[in-house]
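Notes follow once the structure below has been shown.
Nothing in this text is a laboratory measurement; each read-out follows from the coordinates by a stated rule. For clarity, every value in this text was computed on a predicted model and none was experimentally measured. Heads up, the Cβs are rebuilt from the backbone with ideal geometry, glycines too, and the neighbour counts pull from every protein chain shown.
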Amino acid sequence: MSTRLGRLRAGESAVDARIVAAALTGLTAVAVAGRFALALVVNAPGTVSGAPLSTLSVAATAAGGAALVALGPDRADPLSGIGLLFAGVFGLLSLAGAAAVPAAVAVPTGLALFAVAARERVGTGPGLLVCGLLAALGLALASGVGGVAPLRPVASTATLLALGTTPLLAGADGRAFVAGCVALGVVVATGLALPFATGAVTLVAVGAVGSPLPVVAIAVGGSVTTASAALSRRDWGLLAGVALVTCAGVPATVARAVPFALGAVTLVAWEGER
């Protein structure tokens, strides 16, 4: 009787941990999307800056780090759990200010451990996507926190190309691809007509520097395709994952890197449990 009760409590604890992690992931996605939208509003011509961008950044980092920590003990494989705890704890410590450099090492390292442990659960396409996201994360943090400025354009392009491949996870139908193609066309048309405005929006919204217009268009088209497919199926896990990696943008700061890493984890976890 006591053994059965212990198993029941362990199962309830696991369910509670998943609920907490899902709630924190949703909160992080909302904070990152809010920061993304407000950054555009604040930087629009004639707008008075009064939006709480720094508050949203702190909220996204705190909720994202806590979500990674909550996901860690729930993993069946120890390596994956260690990676998530490593990334989450140092992500939270970065809020103190003095741990930015250790966090810049810990977050991609933790994501790498998670990706290695998850390689058998996901297919080739999702595996390549995760490798792309991981490479973008490492390059961006090296260019931002590490101070290797010449890597910034490479990191920006790598991030945008990785976003463009997210439909590999979506199983998108024709309607979703049409939405993505329309978004891609709008970006190309706008970029050709208003190149300086498009470059400014790309910099402000996602922190991309030096990426060609076709790469920006591919990123937008891919993200819209994936989000459209998720919305049509009401797949909130997939939607949260693509929202996190897209709205976090080029993860050249820890404030962007933590939700970006959480988005990659969410996408992999969604694919592995599908």
The chain: most fluctuating residue of Pro78, Pro259, Pro150 per GNM, C-alpha cutoff 10 Å: Pro150
Most fluctuating residue given options Thr198, Thr61, Thr226, as computed from a GNM of the chain linking Cα atoms under 10 Å: Thr198
Rounded tilt (10° steps) of 124-144 against the dominant C-alpha axis of the chain: 70
Cα centroid separation, segment 60-93 to segment 223-274 (Å): 16
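Convert 10 °C to kelvin, take the viscosity as 1.306 mPa s, use the Kirkwood radius over C-alpha pairs of segment 169-268 as Rh, and evaluate the Stokes-Einstein diffusion coefficient in µm²/s, rounded to a whole number.
114
How long is the gain from Arg18 to Val41 if the chain were fully straight, where each residue apart is worth 0.36 nm and the alpha carbon distance is subtracted? Write out the running numbers ahead of the final one.
Values: separation 23, 0.36 × 23 = 8.28 nm, distance 3.44 nm.
Here the segment from Arg18 to Val41 would lengthen by 4.8 nm.
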The chain - Rg (one decimal) and Dmax (whole number), Cα, Å: 18.5, 72
Global geometry of segment 60-218, whether rounded, prolate or oblate, following the gyration tensor of its Cα atoms and the 1.5 cut on a/c: oblate
Spacing of the two label points (7 Å from each Cα toward its C-beta) at Ala98 and Val58, in nm: 1.8
Table column - 3J(HN,Hα) (Hz), segment 209-217, Karplus curve with 6.51, -1.76, 1.60, x for Gly and Pro: 10, x, 8, x, 4, x, 5, 4, 5
Selected from Ala67, Ala243, Ala189 as most flexible by GNM, with the chain as the system and alpha-carbon contacts under 10 Å: Ala189
Tilt relative to the chain, helix 174-193 - C-alpha long axis, 0 to 90 degrees, to 10: 40
Hypothetical label at Val182: residues of segment 209-232 whose amide nitrogen lies under 12 Å (7 Å Cα-Cβ projection): 225, 228
Helical mean residue ellipticity (222 nm; -39500 (n - 2.57) per DSSP H run of 4+; nearest 500) of the chain: -27000 deg cm²/dmol
Cα-based helix-to-principal-axis angle, 100-118 vs the chain, degrees rounded to 10: 70
Anisotropy class of segment 114-168 from Cα gyration tensor, a/c 1.5 cut: oblate
Alpha-carbon centroid distance for the pair segment 173-210 / segment 104-153, whole angstrom: 24
